[in-house]
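Report on the structure given below.
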Amino acid sequence: MTWKDHGELFVRHRKNPILTVDDWPYRAHTVFNPAAAIVDGKVLLLVRVEDHRGFSHLTVARSENGIDNWKIDSKPTFFSDPINHPEEIYGVEDPRITYIDEMKKWAIVYVAYSDSGPLPALAFTEDFLNFDREGPLMPPDNKDAAVFPVRFKGKWAMLHRPAPTGYILKANIWISFSYDMKSWEKPDVLLYAREGGWWDAYKIGLSTQPLLTPEGWLIMYHGVRQTTPKISYRLGLALLDRETPTKVLCRSEGWVFGPREPYERSGDVNDVVFPCGWVQVGDELRIYYGAADTSISMASAKMRDIMEFIRTCPKKQFPEEY
């Protein structure tokens, strides 16, 4: 086994943080929570950039090796358009990228921040220069969404996290289906936030886009527990059935990655590691994550170690189900 890093599965890159606002070609406050994909042989990050109003937009950064020598667009790549899309009045943030081979397009599910709260919205692109907005997918409050790259029995599937403010004490990950990626039906809870003292007992939400493996769909999610005034975001894994993604095959009990380094523990929001994308490079799976809502870092693990780990995870979500 090769993941002996304070009990964590993913190992940080020695050059972390790999991107900060000091690298940005224009004025901004912070950079964090990037989506990630391999495009034309390069690692592409679609980065959340917060300006000095507190509003966010998205900007592309590209690198040959995914570590350094980043080429960053000289101006915002994907800016909010509140005139044509009023749901974006307070910005756009936290994207997830999925390549849809059937369409030969990239689907970007992002959070549009409306005057009624955050909601998932969809845009398509073929080149990360031109974007076709499809608009909202769900009403607020809802976020942490991504679509699967294939249909299931003729329907597209999307993971998302509804969390009506003041209505429920905890938030779960849901799955919904659609024939056209516009009207979504049959919402069901997929993963529950656990109870009591668990690290993911307060709320959970999808982190990276679903990844197909020979054994099923691998998903990474973040968990939040609030037992004191301090909140900490940590990461766990789950495996879904390849043909029936509503079926959870197994779920990690402990977190596989959490805030530990100074750049993860101190920033605009302390104690946060928040990936919105991962890429596979050979046998290495890399997560690109926002650190303390202030900078961007990378951590990685070998796919063989990840799959060996996930096989040991319980096949039930709660201990009382064992």
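When segment 68-98 is filtered for residues that are hydrophobic (A, V, I, L, M, F, W, C), assigned to a loop (DSSP other than H, G, I, E, B) and in contact with a strand residue (DSSP E or B) (Cβ under 7 Å, 6 or more places away or on another chain), the ones remaining, listed by number, are 70, 79, 89.
The condition of being at pLDDT 95 or above, loosely packed, with under 15 Cβ neighbours inside 10 Å and in contact with a His (Cβ under 6 Å, 6 or more places away or on another chain) holds for only one of 29, 52, that being 52. Which residue is nearest to residue 48 (Cα to Cα), if the candidates are limited to segment 244-300 and must be in a strand (DSSP E or B) and polar (S, T, N, Q)? Ranking the candidates gives 295 first. Inspection of segment 164-173 finds a residue satisfying the criterion of being within 21 Å of residue 33 (Cα to Cα), at pLDDT 95 or above and either buried (at least 19 other Cβ atoms within 10 Å of the Cβ) or among the hydroxyl-bearing types (Ser, Thr, Tyr) (or both).
Selection of first residues in segment 44-61 that are touching a residue at least 12 places away in the same chain (Cβ under 8 Å) and closer than 16 Å to residue 109 by Cα and of second residues that are among the acidic types (Asp, Glu) and assigned to a strand (DSSP E or B), restricted to Cβ pairs under 9 Å at least 6 apart or on distinct chains, gives the following pairs, ordered by first then second residue: 48/93; 48/94; 56/50; 56/93; 56/94; 57/50; 57/93; 58/93. For segment 83-97, what are the residues that are surrounded by fewer than 20 Cβ atoms within 10 Å (Cβ to Cβ) and either touching a residue at least 60 places away in the same chain (Cβ under 8 Å) or out of contact with any Gly (no Cβ under 9 Å at 6 or more places or on another chain) (or both)? Those that are surrounded by fewer than 20 Cβ atoms within 10 Å (Cβ to Cβ) and either touching a residue at least 60 places away in the same chain (Cβ under 8 Å) or out of contact with any Gly (no Cβ under 9 Å at 6 or more places or on another chain) (or both): 83, 84, 86, 89.
Just to verify a result, which residue in segment 262-281, among those that are under 19 Å from residue 209 (Cβ atoms) and of a type outside the set (A, V, I, L, M), is surrounded by the fewest Cβ atoms within 10 Å (Cβ to Cβ)?
280
Across segment 196-243, what is the total count of residues that are under 20 Å from residue 258 (Cβ atoms) and either free of Cβ contacts under 8 Å to residues at least 12 places away in the same chain or assigned to a loop (DSSP other than H, G, I, E, B) (or both)? Total meeting the criteria: 15. Condition first: in contact (Cβ under 8 Å) with a residue 12 or more places away in the chain, surrounded by fewer than 18 Cβ atoms within 10 Å (Cβ to Cβ) and either within 21 Å of the chain's Cα centre (by Cα) or part of a strand (DSSP E or B) (or both). Now tell me which residues in segment 183-195 satisfy that. Correct list: 187, 188, 189, 192. The listed residues are 16, 33, and the only one of them that is on the phi > 0 side of the Ramachandran plot and either touching a helix residue (DSSP H, G or I) at 6+ places or on another chain (Cβ under 8 Å) or outside any loop (DSSP other than H, G, I, E, B) (or both) turns out to be 33. Please verify whether segment 124-134 includes one or more residues that are modelled with pLDDT of 95 or more, closer than 17 Å to residue 58 by Cβ and touching an Asp or Glu at 6+ places or on another chain (Cβ under 6 Å). Yes; the residues of segment 124-134 include at least one that is modelled with pLDDT of 95 or more, closer than 17 Å to residue 58 by Cβ and touching an Asp or Glu at 6+ places or on another chain (Cβ under 6 Å).
The values are calculated or read from the model by the stated rules, or taken from the named source; none is laboratory data. Because the structure is predicted, anything quoted here is derived from the model rather than measured. Quick reminder, even Gly has a Cβ in these numbers, built from the backbone with ideal geometry, and neighbours come from all protein chains shown.
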